[in-house]
1. Mind listing the long-range amide H neighbours of residue 106? Cut-off is under 5 Å, sequence gap 5 or more, other chains count too, H placed in the peptide plane at 1.01 Å from N.
2. Find the eigenvalues of the gyration tensor of the Cα atoms of segment 1-102, then list the square roots of 5 times those eigenvalues as equivalent ellipsoid semi-axes, largest first, in whole angstrom.
3. Say the cut-off is 31 Å between C-alpha atoms; which of 148/194; 160/194; 112/173; 194/238; 38/141 go over it?
4. What are the ³J(HN,Hα) values, in whole Hz, obtained from phi via the Karplus relation 6.51 cos²θ - 1.76 cosθ + 1.60 with θ = phi - 60°, for each residue of segment 118-123 in sequence order, with x given for Gly and Pro?
5. Give the long-range amide H neighbours of residue 50: residues separated by 5 or more places, or on another chain, with amide H under 5 Å away, using H modelled in the peptide plane at 1.01 Å from N.
6. Hey, what do the phi angles of segment 57-67 turn into as Karplus ³J(HN,Hα) couplings, whole Hz, using 6.51/-1.76/1.60 and θ = phi - 60°, x for Gly and Pro?
7. Consider the candidate values (i) 14.4; (ii) 16.7; (iii) 12.7; state which one is mean projected area of the Cα convex hull in nm² computed from the structure displayed.
8. Applying the Karplus parametrisation 6.51 cos²θ - 1.76 cosθ + 1.60 with θ = phi - 60° to the phi angles of segment 239-250, what ³J(HN,Hα) value in whole Hz is obtained for each residue in order, glycine and proline being reported as x?
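No lab work stands behind these numbers, since they all come straight from the coordinates. Quick caveat, the model's predicted, so the values are computed rather than measured. Cβ placement follows ideal geometry from the backbone for every residue including glycine, while neighbour counts extend to all protein chains displayed.
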Amino acid sequence: MKRETAVAGSFYPNNCNEINQHFSHFSEILDNSDFNPKLEFIPKAIIVPHAGYIYSGFTANVAYSLLKGLNPKRVIVIGPSHKFSFKGASVALFDEYVSPCGNIPIDKEYSKNLIEEFDFLDFNQQVHIEHSTETQIPFIKHHLPNTKIVEIVYSDISYKQISLIISKALSNKDTFLVISTDLSHFYTQEKAQKLDNIGLVAVDELDLEIWNSGCEACGETGVKALIESANKLRLQSKILDYRTSYDVTKDDKSVVGYMSAVLG
């Protein structure tokens with residue numbers, strides 16, 4: 001079985017040349033910016049947005065651009081379900097993940113082991129028609145071409161349960177982690193920036209109390225789980241980029257916030 005694309009042609013191009021044009025454009029902007037990519041730690045996880053590439057692709061690519069030189073055996077991508085509501089989380093047991101720039105093998109053995117270890121995990125094929133995870137695949141194919149994928153889509157589940165998966169992943173040097181989330185949705189630019197700043201500070205300081213004081217995010221369960229695990233494993237965090245859809249649309253009446261961060 002293959003995990004077929006669901007949002008190629010809408011959230012991102014269904015053509016590899018066009019996808020690579022996006023990456024070239026993102027890299028050109030980054031190269032001409034004052035961004036300082038030097039880290040005091042080796043990246044183990046990133047938090048990235050999952051909107052259309054024209055809105056949030058640059059922000060995501062800032063994080064992925066830091067992964068050069070890494071060669072993990074697998075990348076676990078964890079994102080919220082937008083189409084289906086269900087208990088727990090689903091781990092993809094397809095054979096490979098279809099991508100316009102070449103398919104990526106799914107690490108079925110690791111995925112099956114997760115399902116066997118954690119009773120809140122299962123495989124529900126239909127919930128993997130999901131953009132929060134799929135939008136990450138071309139980035140992974142481009143920046144980590146030799147890796148395998150583990151796709152986890154969650155719905156009604158506690159962040160402490162997801163944190164169990166994350167702690168297991170981050171304790172393995174062969175595993176890299178991607179947490180997918182956008183920030184606030186459909187507020188004015190001014191209101192969105194206030195809400196999103198709570199999330200930025202919380203991730204930067206790895207502080208759940210700050211996050212719970214008012215941040216809004218569709219993938220907050222995954223982010224809170226990562227913060228929980230990062231504190232247990234004594235990881236560091238660095239915010240990389242923040243912007244809203246206003247930067248593209250110039251509509252400040254109803255915006256969506258996007259953040260990227262790296263932990264290690």
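1. 96, 97, 149
2. 25, 19, 14
3. Beyond 31 Å: 148/194.
4. Per-residue couplings from phi come out as 10, 6, 8, 9, 7, 10 Hz.
5. Here 181, 182 satisfy the definition.
6. x, 4, 4, 5, 5, 4, 5, 5, 5, 7, 8
7. Checking each listed value against the structure points to (iii).
8. Taking θ as phi minus 60°, the curve returns 6, 9, 8, 9, 6, 10, 4, 4, 4, 9, 7, 6 Hz for segment 239-250.
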